[in-house]
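*Asks:* Provided herewith is a single structure, encoded as structure tokens, for subsequent inquiry.
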Amino acid sequence: MGQISPRGGAGADVIPIGEAPSATRVPSQAPIRSAALGRVGVVLVSHSRELAQETADLARALTRTDDPSAVVATGGQPGDGLGSSALLIAAAARRVDQGHGVAVLADLPGAVRTVLALLARADEHGLPFPVRFANAPFVEGAVAAVATASAGGDLAAVVDAAEEMYRQRKV
């Protein structure tokens, strides 16, 4: 099973829905459900699975709610290694989808290219609708996106909150 090239060119492979990692769930890929159904889901894409997971954990912890928005971290390649995988990103988007959209944040340019190539062919990859890329700093954007989604914000508000973090000065 191939992966989308970071440039999304003609050599990019299509992920058949029936063969996607989310088509056959394993316990660690069980659907994420929040008690309040219908929130925007958030996918955090990093070159490192561990970094993405730590960022998701931080965003959940700072949200301070008993019912945070669905957020899932993905990173690396299937199996092991650094990088970004269209297969894993597509599976993560389907996993957090609650019917009100999915916001995707990525850490480095390679991950951004993989996400944008995937979104350009969203129907072919069985992505939920709508899915939007948030051009935001990874950690700060993740915290803002999860907080806004947990508060019941719609997809536009979640993406705007994440992207607003580029305009926040630290000093």
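*Asks:* Tell me which helices (runs of 4 or more DSSP H) are completely within the stretch 40-146 and hold 2 or more residues being open to solvent by 40 Å² or more (accessible area, probe 1.4 Å), in contact (Cβ under 8 Å) with a residue 12 or more places away in the chain and not hydrophobic (A, V, I, L, M, F, W, C), or say none if there are none. Talk me through it step by step, then tell me what you get.
*Replies:* Working: elements: 49-63, 86-96, 109-120.
So the answer is 49-63, 86-96.
*Asks:* Also, I was wondering about something else. Pairs, please: C-beta under 7 Å, at least 6 apart or cross-chain, first residue closer than 17 Å to Arg64 by Cα and assigned to a helix (DSSP H, G or I) and in the stretch 149-171, second open to solvent by 50 Å² or more (accessible area, probe 1.4 Å) and modelled with pLDDT under 95?
*Replies:* From residues that are closer than 17 Å to Arg64 by Cα and assigned to a helix (DSSP H, G or I), the pairs are Ser150/Thr65.
*Asks:* Consider Leu37 against the criteria (1) surrounded by 12 or more Cβ atoms within 10 Å (Cβ to Cβ); (2) at pLDDT 50 or above; (3) farther than 24 Å from Leu116 by Cβ: it satisfies all of them except one. Which criterion is unmet?
*Replies:* All conditions are met except number (1).
*Asks:* Additional query: Among the residues of the stretch 147-162, how many are crowded, with 19+ Cβ neighbours inside 10 Å and either in contact with a helix residue (DSSP H, G or I) (Cβ under 6 Å, 6 or more places away or on another chain) or under 19 Å from Ser46 (Cα atoms) (or both)?
*Replies:* 8
The values are calculated or read from the model by the stated rules, or taken from the named source; none is laboratory data. All figures in this text were calculated on a predicted structure; none of them were measured in a lab. Cβ atoms come from the backbone with ideal geometry, glycine included; neighbour counts cover every protein chain shown. When the accessible area is computed, the model is the full protein with side chains, heavy atoms only, and any ligands, DNA or RNA have been set aside. Shrake-Rupley method; radii C 1.70, N 1.55, O 1.52, S 1.80 Å.
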